[in-house]
Amino acid sequence: TTSIAKIAHMLKEDGKKVMLAAADTFRAAAIEQLEIWGERVGVPVIRHQEGADPSAVIFDAIKAAQARNIDVLICDTAGRLQNKKNLMQEKINKVIDREFPEADRETLLVLDAATGKNAVSQAKEFGSAAKLTGIVLTKLDGTAKGGIVITLADEFDVPVKFIGVGEGMDDLQVFDPAMFADALFDR
């Protein structure tokens, strides 16, 4: 959720009109957390009540984004939710497929670099339910955690798009493989 807000901030700083969708309706306080971040960033948040159907939130958010001429809609979903995940993700995918052409969207998985090999199993699980186009790797503020980038690149044909290097709003960066390799090998 925090990474989504940071991406929204980056896009807004680039002059894009951004909207957030609070479709992680099962994690306690996820909706409220996204609303707080939406206020900090200065972007609207489409939400339903806790426990609502995530695909309904996505549908309403897409319609709101279209009506308001929003450039980028970022949807926060329960990617790590194990129970009912495949059914929920399938419903969400159907709504998005119907409303947005595949060429115009990204499906990013946010992983914590500190989880090590567990990040690989999370990527496999999420990748089986949704077609990933990229990875956001958080808590990459030390090269000791950086080895997971190499493992993910070796296991998946999905690029790391962003890295989180701190807790601040501006601490999300576009991933630069050459710069990362230099830092990793202390060049």
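The values are calculated or read from the model by the stated rules, or taken from the named source; none is laboratory data. The structure displayed is predicted, hence computed values, not measured ones. Positions of Cβ are generated from backbone atoms using ideal geometry, with glycine treated the same way; all protein chains shown enter the neighbour counts. Note: areas computed on protein heavy atoms with side chains; ligands, DNA, RNA excluded. Shrake-Rupley method; radii C 1.70, N 1.55, O 1.52, S 1.80 Å.
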Practice problem: Just grab the label-to-label distance for T2 and A29, each label 7 Å out from Cα along the Cβ direction, in nm (one decimal). | Solution: 1.3 nm
Exercise. State, to one decimal in nm, how far the label point of D71 lies from the label point of D97, with both points 7 Å from Cα in the Cβ direction.
Key: 3.0 nm
Quiz item: Fully extended, how many nm does the chain gain between M179 and K17 (0.36 nm per residue separation, minus their Cα-Cα distance)?
Solution: 55.3 nm
Quiz item: Got a number for carbon plus sulfur as a percent of the chain's accessible area, 1.4 Å probe?
Solution: 50 percent
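Relative contact order of region 2-78, please, whole-number percent, based on alpha carbon pairs below 8 angstrom and at least 6 residues apart. Intermediate values should be presented prior to the final figure.
On the way: 128 pairs, mean separation 32.2, N = 77.
The normalised contact order for region 2-78 reaches 42 percent.
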Quiz item: Can you tell me the accessible area per residue over the chain, all protein chains present, probe 1.4 angstrom, in square angstrom?
Solution: 54 Å²
Quiz item: What does the chain give for Rg and for Dmax, in Å, if only its C-alpha atoms count?
Solution: 16.3, 50
Quiz item: With charges only on Cβ, +1 for K and R and -1 for D and E, what is the dipole size of the chain about its Cα centre, in debye, rounded to 20?
Solution: 440 debye
Quiz item: Counting GluC sites (Glu not before Pro) as exposed when in a DSSP loop with at most 14 other beta carbons within 10 Å, what is the longest stretch of the chain free of them?
Solution: 1-105
Quiz item: Excluding D71 itself, what net charge comes from residues whose Cβ is under 15 Å from its Cβ, given Lys and Arg +1 and Asp and Glu -1?
Solution: +1
Quiz item: Which whole-number percent gives the relative contact order of the chain, counting Cα pairs below 8 Å spaced six or more residues apart?
Solution: 19 percent
Quiz item: With the dipole of the chain worked out from charges on the C-beta (+1 for Lys and Arg, -1 for Asp and Glu) around the Cα centre, which of L152, F126, L111 lies farthest toward the positive end?
Solution: F126
